[in-house]
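Just below is one structure, and these are the notes that go with it.
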């Protein structure tokens, strides 16, 4: 018992592996938020008039809103006037034309993170649009994608080169008035990724982006917009790590997905922002609005996420199932350790006929972690034969953590079938005993059981991520149980 | 003359005016009543902005103020009661009409203390049971109740017969039924609380029941709600359980235009067990809201909850079940289930099963389902020569049978089955 307790200590006290700060000159605006700052951001990014107006509308709306308090998380109040809303590496003025021209310091950072940016072209077949703080620095595989008519670029580029698409779809899924953090993001978002897959095209590779928060005290406001036109298919990966920092950092991203007739979007996330130290100091506040709209018939949106980082996670990737026969899926593993808090889940809004949704959520709490699942399944009167299956299981490792479930089922159509199941448990002593008597150490047994617990979700992750996910999970948890 | 109490919303004014007028004549507990009135004034009636009330809107019902219900002539009530099911269960009963005790209609049991509060005069027990919380309706009841039932089962006493407390409403006023049940150590009892309306008036029943089960007590509580189709019914059942006690609650809701049942159980002793069963049948434009909270505060506590609903017409049902497991409550075992059968296109169900777990060595599960009568089962029955209508009503009846079977009073089981069949065959459900 004592040896496993030691192991627990050793593991739970493990410092964040990916913590470091890269010293690169940055071009920042003064802290605080007002209309001038927004005009300044917009001007720095050479945006067309409609973007500036949209940002200003969002800002004016935001000033009238109050911060939501309903989530089951606790944190000191955020001073929105002390945040720097824009910061870009100095290299922005003369963009590198190839990877060789990228600041070597930056490349080393990516190497430390284990992103094989250089090898990517040869190896993984993954086009990475790496976002370093707020401006895209390197984009790969663009030409290859362009041949198929796929647009995959940074949001700033999309605003310059494809304003008609941006204007049509921006805010069509998450309007700027949606919620407090979405409004804030709409007003000040710096950059992000944009992807458009034209009619009938199946994107041949997994698209991926790494986000990092770097410049001190810079809130990162990402905006991602993915559009799959009729019959298109795209799989998108997003992963993030962030360096150690003492003051809490705000991350309020917005992700919008639009799937037209017969289109499919698969969105996978591995989130590993800095979670704060053992006492809960520092760490990222991750307040994200993610939503997909199955606008066309037979469309499908699938969310898969592994949430291991952030001091606070507040995130509900949702699906609006408008088109008949559309499908929404949500697979999630959320891990909270030390003082981490997570309030995450999904919303499935069934509007069209024969719409189906599946929710599989696995929560793991250790240390003083608090893990909440909050989900809503709404069947509107027109959604004939809608079908939903939800399952949320929680695993508790340690006696000071908590696991909570807050599902909401609203059914307004009698032909609907809705099922929700949840369970909370811990690893049984008998299970460990069984493994031990077969010669498996407690450590390995726990890791095996936890991995088995999450298998249903990991199965949904693309290959490249599944490996990373398992590694992350073991780093975040190993030894948390005795 | 104490200062007037200022409410936060105008719809509270008639109630506070009534309190100001009647306070001196109400029996016992003047300080507690005043504190309760102040609490009610500060909280206001719940609105859909409160998370716990987001699917249930009281506002349309509170537009007109309800006058305090007037006493009704005993003989007329006796005659009408005879024609209503669930009034005579063949056991001792206490009858309250419009919130006042009617000894002429009652037959108190022997051997246990059971009577009306005014007669029993045990205000200290009452004051101890009352914990003014953030429940505005309960506070209003505490401020204004006229009378209520007081049942005390002595330590070690095993009550052979059930005790039936019947709250009858006639006319269109508001009444505040109040029940206090104290079950002593190792005692056993079955209690039935009935709420029914005579006639079709729109009235308001705002009831509060406290059940205190001491160590080792075994108590079954049945609530039968058959209010009139226009009525507004709000009921709160607060349960506190000692070590190794066992409480079973059977909550059956058939009537009222809007019914809200709130059950709060605190498992305060090691090894306490609680079973919450609920059955709601709604039709027309009925709205029923069941709100249960199970608080596992000590280790080795067990709870089992099963709520089932059958919804027809344009009715709406809400289920909100909450299970809290406190950090010390290791080895908790909690099961919660909510199953709903929708019979019509326009019925609406909102269900919210919640778990809040702060201990690690626990087993908690919850589940919720919403569906229709199984088409394959219907097909099976039809292939055996049973008509469509009959097959559907058989299956619907079967859906509820486990809950009906669990009710500990035979007279209720029989009548409930009969009433259900009648409703099913009459096409009402």
>> For chain B, what does the relative contact order come out to in percent, with C-alpha contacts under 8 Å and a separation of six or more?
In response: 9 percent
>> Stokes-Einstein diffusion coefficient for the range B:1-146 at 25 °C in a medium of 0.890 mPa s, Rh from the Kirkwood formula over Cα pairs: what value in µm²/s?
In response: 139 µm²/s
> Once the piece of chain linking residue B:59 and residue B:24 is laid out straight, how much longer is it, given 0.36 nm per residue of separation minus the C-alpha distance between them?
Replying inline: 9.6 nm
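Which translational diffusion coefficient, to the nearest whole µm²/s, is obtained for the range A:333-398 from the Stokes-Einstein equation, given a Kirkwood hydrodynamic radius over C-alpha pairs, 10 °C and 1.306 mPa s?
122 µm²/s
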>> With an 8 Å Cα cut-off and a minimum separation of 6 or more residues, compute the relative contact order for the range B:190-313 in percent.
In response: 22 percent
> Where the centroid of each part is defined by its Cα atoms, how far is the range A:27-87 from the range A:402-434 in Å?
Replying inline: 38 Å
> How far, in nm, would the chain grow between residue B:131 and residue B:13 when pulled straight, counting 0.36 nm per residue and subtracting the alpha carbon separation?
Replying inline: 40.1 nm
>> At R0 = 45 Å, how high is the FRET efficiency between residue B:384 and residue B:161 if r is their beta carbon distance? Nearest 0.05 is fine.
In response: 0.60
> At residue B:34 and residue A:177, where each label point lies 7 Å from the Cα along Cα→Cβ, what is the point-to-point distance in nanometres?
Replying inline: 4.9 nm
> Can you give the mean number of other chain Cβ atoms that lie within 10 Å of the Cβ atoms in peptide A:391-402?
Replying inline: 3
> So if we plug the beta-carbon distance of residue A:459 and residue A:70 into 1/(1 + (r/R0)^6) with R0 = 35 Å, what FRET efficiency do we get, rounded to 0.05?
Replying inline: 0.60
>> I'd like the mean, over residues of B:343-352, of how many other protein chain beta carbons sit within 10 Å of each residue's own Cβ.
In response: 5
> What Rg and what Dmax come out for the range B:267-390 when only alpha-carbon atoms are used, in angstroms?
Replying inline: 17.9, 57
> Can you give me the relative contact order of the range A:340-482 as a percent, contacts being Cα pairs under 8 Å and 6 or more apart?
Replying inline: 22 percent
>> To make sure I understand, if each residue's beta carbon is the centre and we count other beta carbons within 10 Å, what order do B:352, A:69 fall in, fewest to most?
In response: A:69, B:352
> Arranged from highest to lowest average of other beta-carbon atoms within 10 Å per residue, in what order do the peptides B:191-200, B:40-49, B:121-130 appear?
Replying inline: B:191-200, B:40-49, B:121-130
> So between residue B:76 and residue B:377, what do we pick up on full extension, going 0.36 nm a residue minus the alpha carbon distance?
Replying inline: 103.6 nm
> Rg and Dmax of chain B, using alpha carbons, in Å: what are they?
Replying inline: 21.1, 76
> Label-point separation (nm) for residue A:49 and residue B:314, each offset 7 Å from Cα along Cα-to-Cβ?
Replying inline: 4.9 nm
> Using only helices, what value at 222 nm comes out for chain B when you add -39,500 (n - 2.57) per DSSP H run of length 4 or more and divide by the total residues, to the nearest 500 deg cm²/dmol?
Replying inline: -7000 deg cm²/dmol
>> Suppose we take every Cα in the protein assembly as shown and form the convex hull; what volume per residue is that in Å³?
In response: 186 Å³
>> Could you tell me the center-to-center distance, by alpha carbons, between the range A:190-209 and the range A:306-334 in angstrom?
In response: 19 Å
>> Taking the Cα of residue A:278, stepping 7 Å toward and past its beta carbon, and measuring to each backbone N in the range A:308-348: which are under 17 Å?
In response: A:337-340
> Taking the highest mean first, how do the peptides B:16-22, B:90-96 order by number of other beta carbon atoms within 10 angstrom per residue?
Replying inline: B:90-96, B:16-22
>> Within the range A:405-428, name every residue whose backbone N is under 20 Å away from a label modeled 7 Å from Cα of residue B:345 along the Cβ vector.
In response: A:411-418
> Sorted by average packing, counted as other Cβ atoms within 10 angstrom per residue and highest first, what order do A:231-237, A:407-413 take?
Replying inline: A:407-413, A:231-237
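Since every read-out is calculated from the coordinates, none of them should be taken as a lab result. Remember, predicted model here, so these are calculated numbers, not experimental data. Neighbour counts run over all protein chains shown; Cβ positions are idealised from the backbone, glycine included.
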